[in-house]
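Before any comments, here is the structure.
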Amino acid sequence: MMLGELYGYGLYGLGDGLPTGSFIKYQGQWQTTQTQSAGDILQAVTGALAADGLPVVQASSDAGAKAMILGAFGVSFNVTLVLQVAGPGFAQPSDAGSIVNHEVYAVTGLMPLSSTVIASGTGPGGSGGGAPPPTAPADWGTWLQDNAFWLGLGVVAVVVLPKLLR
C-alpha cells in the first residue's frame, strides 16, 4: 500500500492515467519534406511508435495526391492515429502525444504544425472493454482524394498501353 492510500490523499487533479491496454486517439497536422511523401512519413512514424511501446491500431490521413508526390516540400496533411499503450502506461494522454510528436520530428526534422491527444478507452477491466474506438467510415470524396494518384496512373495505363503495344 502506498503512503497516499494509507492516509487518504493522492495525486488529485492528475487523472487516473493511461494503464497498459488503454487506447489513445492522436490527431495532428504534419508536413511533407523534400525527400518524403505523406505515405513515407506515416509509415516511418508508425513503425517507430511500435518500437516505443505504442503500437498503432488504426491510421488514416487526408493527404491528397500532391502530398503523395516526392519533392512536394511543405504540403500539410492531417493524420489520425489510434494507439494502444503496450508499455507501463502514462500519467496523461499528452505524454503519449509528445512521443508521437518526437517521432514525427525524428523522421522529418519538422515538428507537427498542431496535435491533440485524447484517451479514448481502456483495456481489460476498464470502461472501454479493450476495444479500440470506432472511426468514421471514409466517404467517396475522401477515398477519391486519397487515391487520385493511383486512379490517374490507371487511366494513363489504359489509354497509353494499347497504343504502345501496337
Fill in the blank from the handout: Residue count, the range 66-92, condition closer than 21 Å to LEU110 by Cα and either not assigned by TED's automatic domain parsing to the domain that holds PRO19 or not aromatic (Phe, Trp, Tyr) (or both), comes to 14
Handout entry: Qualifying residue in the range 130-144 (condition: assigned by TED's automatic domain parsing to the domain that holds PRO19, within 20 Å of LYS25 (Cβ to Cβ) and modelled with pLDDT of 80 or more)
Key = no
Practice task
Could you look through the range 6-41, keep only residues that are over 17 Å from GLU103 (Cα atoms) and under 19 Å from the mean Cα position of the chain (by Cα), and pick out the one that is modelled with the highest pLDDT?
Solution key: PHE23
Handout entry: Residues (more than 14 Å from TYR26 (Cβ to Cβ), surrounded by 15 or more Cβ atoms within 10 Å (Cβ to Cβ) and at pLDDT 90 or above) located in the range 42-76
Key = ALA44
Problem - Failed criterion for SER127 (all others in (1) exposed (fewer than 12 other Cβ atoms within 10 Å of the Cβ); (2) of a type in the set (Ser, Thr, Tyr); (3) at pLDDT 80 or above hold) - result: (3)
Practice task
Would you mention how many residues in the range 16-59 are within 16 Å of SER114 (Cα to Cα) and of a type in the set (S, T, N, Q)?
Solution key: 4
Practice task
Out of the residues in the range 78-108 that are of a type in the set (A, V, I, L, M) and assigned to a loop (DSSP other than H, G, I, E, B), state the one that is farthest from SER60 (Cα to Cα).
Solution key: ALA91
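The values are calculated or read from the model by the stated rules, or taken from the named source; none is laboratory data. Just so it is clear, the model here is predicted, and its values are computed rather than measured. When we count neighbours, we look across all protein chains shown, and the Cβ atoms used for this are built from the backbone with ideal geometry, even at glycine.
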